[in-house]
Structures are given as C-alpha cells and as structure tokens.
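Structure, as structure tokens:
Read the figures in this text as sums done on the coordinates, not as results from a lab. Just so we're clear, the structure is a prediction, and the values are computed from it rather than from any experiment. No Cβ is skipped: glycine too gets one built from the backbone with ideal geometry, and neighbour counts run over all protein chains shown.
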Amino acid sequence: MKHLVKIAGSALLTLAACTFTSAQEKTNNGKNPDSVRPIDESNIMWKRRLWRRMDLNEKQNQPFFSKGNEVTKYLIEWVQSGVLQPYANDSLRTKLTKEQFLKNLEMENAVSDQSLSDAEKAAGFGNEKAATSATAGADDGWGDTKPAAQKPAGGGDGWGNELAPKPAGADGIYYFPKELSIIELKEDAIFDKQRSRLYFDIQALTVVIPANKTAAGFDKTVASFRYKDLDKLFRSNPNCIWYNEQNEAQHKNMADAFDLRLFNARLIKKGNAQDKYLDDIYGGERQGLVNSQQEEFKLMEMEHNLWEY
C-alpha cells in the first residue's frame with residue numbers, strides 16, 4: 001500500500017513539474033513570430049483567421065498602385081535584389097528561390113509550332129506567316145491589291161532608326177507590375193482582453209496574376225511574403241507612398257496605410273475545418289459575396305457587444 005502511495009505521489013509531482021514547464025514555455029514563446037506587433041496568447045480572448053482579396057484597380061486601392069510607385073513593383077525589385085524572401089504560399093513555410101519566383105512571374109509564351117499537335121497543324125494553326133506571304137499581292141475583295149510586306153533596309157524600324165539588339169539571356173517575357181493587380185491578405189482578427197480592443201494582425205501578402213491576364217483563364221499565384229518583412233522594408237523606403245489624391249502634402253507610407261486600413265479588401269475565406277472559400281461553402285459567387293458582407297457585420301457586432309458587456 002505504501003508502495004502505491006509513493007508511486008502516486010511521484011506521478012503527481014511529475015505531472016505538476018510538466019505542467020509548470022509547459023506553462024513556462026507557453027509564457028516565453030506564446031507570441032506569433034509572424035506578427036508585426038505580437039500579442040501574448042494569455043491576452044487573446046478570441047481569434048479568427050481571415051483571408052481577403054484586394055483589387056488594386058479599385059478606386060479606394062489605387063493609392064497603393066500609383067504610376068511608378070506600384071506596391072507590386074517594389075516587391076519584385078526587393079526579391080531581385082535579394083532583400084525580400086518569397087514563399088510558395090501564405091503558410092510561409094516553403095521558401096522560393098529568386099529563379100523560382102521569376103519563373104512564376106514569367107508570361108506564358110505564344111503557341112509555337114513545336115507545341116502543336118499534328119491535327120492542329122493540319123487544321124492550319126502555326127502557318128500564319130506563310131498565309132501572310134501567300135496573300136501578299138492578291139485582291140483584298142475591294143478591288144485593291146495588297147502590297148507585299150517589305151523588310152526595312154539595314155535592319156531598321158522603317159523610320160530610319162536601327163533596332164536595338166535583344167539583351168543576352170532575355171528569353172522570358174515577364175508581367176509588368178501594373179498587371180499584377182490582385183493581392184490576397186491573410187490576417188488574424190484578435191480581441192485583446194488586456195487592452196479591450198479588436199486588432200487585425202496581417203500575417204502575409206500574396207501576389208496573384210488575375211485570370212484575365214493568364215492564358216489558362218485562372219488566377220495564378222506568384223508568391224507570398226511575410227508582412228513582418230514588408231513592414232520593415234516599407235518603412236525604410238520613403239518612396240513607398242500611399243498616394244493621397246485629396247491632399248498631396250499628406251502622402252503616407254504604405255506600412256502606415258495598411259495599419260490604418262486605408263484599403264478595401266473583400267473577405268473571401270475564414271478559418272474552417274475544410275479550408276473552403278466562402279464561394280464554395282455557400283454555392284456561388286453571389287452567395288459568397290452576400291455572406292462576406294454578413295461576416296463583416298458580425299465582426300463589428302461582436303466588438304460592439306464585447307464593449308456593451
């Protein structure tokens with residue numbers, strides 16, 4: 001009997017020690033490493049993971065997309081210079097090399113003769129140049145004769161100017177920063193019980209090529225970036241401005257503009273067990289849009305009710 005009591009006492013002491021160690025580790029490491037201003041887990045009363053879609057061509061978002069100061073322009077330049085680490089997705093666990101990033105940024109080339117099947121070649125695809133040469137000098141149906149195309153002498157452009165040679169190694173054609181008009185934000189909505197406030201903590205930004213710019217007709221993800229890294233780079237570069245059209249003496253840094261929520265980004269997904277978008281959950285884009293607005297109202301109502309009580 002005494003032996004059993006000793007065993008039970010030892011087990012309780014071990015459990016207490018483990019609990020103390022676990023609590024101590026949680027206290028020391030209980031902050032999100034991807035957060036710009038991390039909140040200790042002991043102060044988080046409520047949290048929800050949100051994903052938003054930000055169209056930079058919308059009027060409210062155009063200050064992030066001003067000519068020559070596009071936010072996507074700076075992201076591309078920083079990756080090329082090696083000061084910004086791109087990731088494969090917004091989980092921020094799989095890193096991309098600069099070569100992989102540029103590969104994702106590469107525009108789909110036009111269909112070549114080698115990529116065509118025999119049936120497509122037999123149907124006449126890939127013979128556009130030959131067809132153009134064959135129709136030169138023929139009647140165009142209006143009583144006129146098409147002149148044969150002539151190449152400018154001396155390799156010029158027809159205006160007396162010499163054409164510039166193609167840069168060495170410039171095989172790929174890349175999207176311009178102005179064409180990368182979609183950014184997806186991953187953030188946490190957190191109610192801090194110590195300060196009695198609801199905070200939106202941005203975790204990652206993902207650059208997306210819109211569907212109307214891709215050959216397949218689907219959105220294409222270029223890369224994701226840790227917002228904590230972007231916040232430092234935005235603040236260290238005075239050229240990263242949120243363009244204030246109403247008062248040009250009050251341009252703001254892009255980091256401050258994100259902190260002040262000076263953008264419009266529709267809610268497209270919230271944390272759920274099946275990791276589905278709102279459009280998939282509610283069975284269509286229209287229903288997804290309606291429920292996106294309802295979720296926004298629920299967030300405001302929840303914060304109001306927390307203050308009420």
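Mind checking the full-extension length gain between residue 195 and residue 108? Use 0.36 nm per residue of separation minus the Cα-Cα distance, one decimal, nm.
On the way: separation 87, 0.36 × 87 = 31.32 nm, distance 5.00 nm.
Roughly 26.3 nm would be gained on extension.
Amide H to amide H under 5 Å from residue 32: which residues, 5+ apart in sequence or cross-chain, H placed 1.01 Å off N in plane?
Counting only residues 5 or more places away or on other chains, the set is 39.
Going by C-beta contacts inside 10 Å, put 55, 90 in order with the fewest on the left.
By the 10 Å Cβ count, ascending, the order reads 55, 90.
What is the list of residues in the range 54-75 whose amide nitrogen lies under 16 Å from a point 7 angstrom out from the Cα of residue 293, following Cα to Cβ?
none
Which of rounded, prolate, oblate describes the range 219-258, given a ≥ b ≥ c as roots of the alpha-carbon gyration tensor eigenvalues and a/c under 1.5 marking rounded, otherwise prolate only if a/b is larger than b/c? Spell out each step's value before the answer.
Details: a/c = 3.21, a/b = 1.68, b/c = 1.91.
Because a/c hits 1.5 or more and a/b fails to exceed b/c, the range 219-258 counts as oblate.
Can you sort 94, 72 so the residue with the fewest Cβ neighbours within 10 Å comes first? Provide the component values of the computation, followed by the final result.
Working: 94 10, 72 23.
Ranking 94, 72 by Cβ neighbours within 10 Å, fewest first, gives 94, 72.
For the pair residue 174 and residue 244, how long in nm is the line joining their label points, each one 7 Å along Cα→Cβ?
Going by the 7 Å Cα→Cβ label model, 3.3 nm.
Under a point spin-label approximation (7 Å from Cα along Cα-to-Cβ), what is the residue 212-residue 301 distance to one decimal in nm?
Label-label distance for residue 212 and residue 301, simple model: 3.5 nm.
Gap in Å between the Cα centre of the range 179-204 and the Cα centre of the range 68-101?
20
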